[in-house]
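Data first, discussion second: the structure below is written as structure tokens.
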Amino acid sequence: MILTITLNPAVDHTLAIDTEPHVDAVNRASRGGQFDAGGKGINVSQYLAAVGADTVATGVLGGFTGTFIRTELADEPFETVFVDVAEPTRMNTTVLATDGEYKFNERGPSVSEAAVDELLSWVEALSPEHVAIAGSLPPGLGPETIDRIAGAGPWKTNVDVGGNMLVKLSEQYETCKPNREELEAAVGRSIESVEDAVEAARELLETGYERVVTSLGADGAVLVTAETALYGEAAETDVVDTVGAGDSLFAGVLAALDRGADEATALRRGIGLAGAVVSQSGTTAPTVGSADSLGADISVRSVPLSTE
């Protein structure tokens, strides 16, 4: 079972406008706003469930926005276990405009160590084989919280957190999934090519990760371990909304590996799932066919490892 932890969930609010936004003017939405139960770990559980993986979503929730998320997740085909906090869960808004996407993310509520203690007791009780910690940290928590969860039990821990956070973690981790910008932040230089991404991922491996999966947007994704480096081209699809692209890539890879797939197959399935997600608006999990055939048409090749 893959248990996801979202320490800073959100209500994802998506709306569209037909013009560029203007300062000091009323910018009217062209269609009603869409509200989804979000936060990276929650998204990952939704995508895991969509491909038939066994998953439980955990985290912290508070206020009327937290109540909304609980209600929205009640009909999902997976179990949820959330710890209550006093302040409201944050809201993240994406505005789809003619000139691109505008994102507005709140910081989130303060979360105490006592709330983490309660959450960790649930993780121990659920006894997962794999844990996936994803998303930003709320005020009051730091990298030591992630390390504490990773080192508290026999589970293998996977992370999808910011690049600066990745290099502050000291426990051993199974997989990390930075995007291009997060990988750049982790290694302190720009990533201009697939080869650059592979070399940077190899550096990140040495800080305590068994596997680095990097999403490169329209340029595809790379998966790097100590033994191999793989590049997969992006799925051919009409991109409607990029929200959830990285989460679905992460979920697709984890689900495939959990089923015993090899690294190349896992990368294909992750990219295939991400392609299905970006072809629709919002973060609602797409309907996919057989998980075993997901991404079968994605081209994956080995990238030579530098010997320098």
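The values are calculated or read from the model by the stated rules, or taken from the named source; none is laboratory data. In this text, all values refer to a predicted model and were calculated from it rather than measured experimentally. No Cβ is skipped: glycine too gets one built from the backbone with ideal geometry, and neighbour counts run over all protein chains shown. These area figures cover heavy atoms from the full protein model, side chains too; ligands, DNA and RNA do not enter into them. Shrake-Rupley method; radii C 1.70, N 1.55, O 1.52, S 1.80 Å.
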Note to self: Once ligands and nucleic acids are excluded and a 1.4 Å probe is used, how much of His22 is accessible, expressed in Å² to the nearest 10?
What the structure shows: 110
Notebook entry, point to check: Tell me, what is the 1.4 Å probe accessible area of Asp292, in Å² to the nearest 10?
Noted result: 100
Notebook entry, point to check: For Ser293, what charge total do you get from the other residues with a beta carbon under 14 Å from its beta carbon, if Lys and Arg give +1 and Asp and Glu give -1?
Noted result: +1
Check: With a ≥ b ≥ c the root eigenvalues of the C-alpha gyration tensor of the chain, is it rounded (a/c under 1.5), prolate (a/b larger than b/c) or oblate?
Finding: rounded
Margin query: Nearest 500 deg cm²/dmol is fine: what mean residue ellipticity at 222 nm does the chain get from its DSSP H runs of n ≥ 4 alone, each adding -39,500 (n - 2.57), divided by its residue count?
Written below: -9500 deg cm²/dmol
Item checked: the range 96-233 - percent of accessible surface contributed by carbon and sulfur, probe 1.4 Å -> 47
Next item on the list: Over the range 1-47, with every protein chain in place, what whole percent of the accessible area is carbon and sulfur at 1.4 Å, could you tell me?
Entry: 48
Note to self: What does the net charge come to around Val83 if you take all other residues with beta carbon closer than 11 Å to its beta carbon, with K and R at +1 and D and E at -1?
What the structure shows: -3
Notebook entry, point to check: Taking the Cα centre of the range 17-77 as the origin, how large is its charge dipole in debye, to the nearest 20, when only Lys and Arg (+1) and Asp and Glu (-1) carry charge on their Cβ atoms?
Noted result: 100
Next item on the list: Over every pair of different alpha-carbon atoms in the range 85-155, take the mean of 1/r and invert it; report that Kirkwood radius in Å.
Entry: 14.4
Next item on the list: Report, ordered by chain and residue number, the lysines lying within cross-link reach of Lys177, taken as a straight Cα distance under 20 Å and ignoring same-chain residues fewer than 8 apart.
Entry: Lys40, Lys156, Lys168
Next item on the list: Counting only heavy atoms of the protein chains, get the accessible area per residue of the chain (1.4 Å probe) and round it to a whole Å² value.
Entry: 43
